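Encoded as structure tokens, the structure appears first; notes follow it.
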Amino acid sequence: SGDSAYKLDIHMLKPYKEKKNNPRRCVRYNAAHSATRVLVEHANGRLKSAWRRLRHIDVRDRARARLIIRCCLILHNFVLHHDCDVDREEHGRIMERLTFDSAISKREAICKYYFKKIYDQDTILDGH
């Protein structure tokens, strides 16, 4: 949902212009629109905190931007669906500070962080 700076579009709805004699339905729509927009902005803020890659998207490359956003949403939903015991904001801060010498070591660190209980059980079973 957009604000008055955006053009009304099938994919970008915006509130009715404020007028003294707006019908009640328009006033209610604007109130619902505003409340929804606040929720969306909070959700975007949480996603950006948890998946810090979202903070550095080159919007000029729209295909890549869509891919990055889609991947972050998939990971976010995966974590929620599988009830992973993780503080994603803390994870973002940790991963931002770490450097990895390979994709394998990065994947292992992420696996260990997100699935600590399972990772610990596997490590015991593997004898490591």
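Each reported figure results from applying straightforward, stated rules to the coordinates on display, with no laboratory input. Keep in mind that this is a model prediction, so the values were computed, not measured. Cβ coordinates were reconstructed from backbone atoms using ideal geometry, including for glycine residues, and neighbour counts include every protein chain displayed.
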Please compute the modelled spin-label separation between residue 26 and residue 67, points set 7 Å along Cα→Cβ, answer in nm with one decimal.
4.5 nm
Other-chain or far-sequence residues with amide H under 5 Å of residue 16's (modelled H):
30
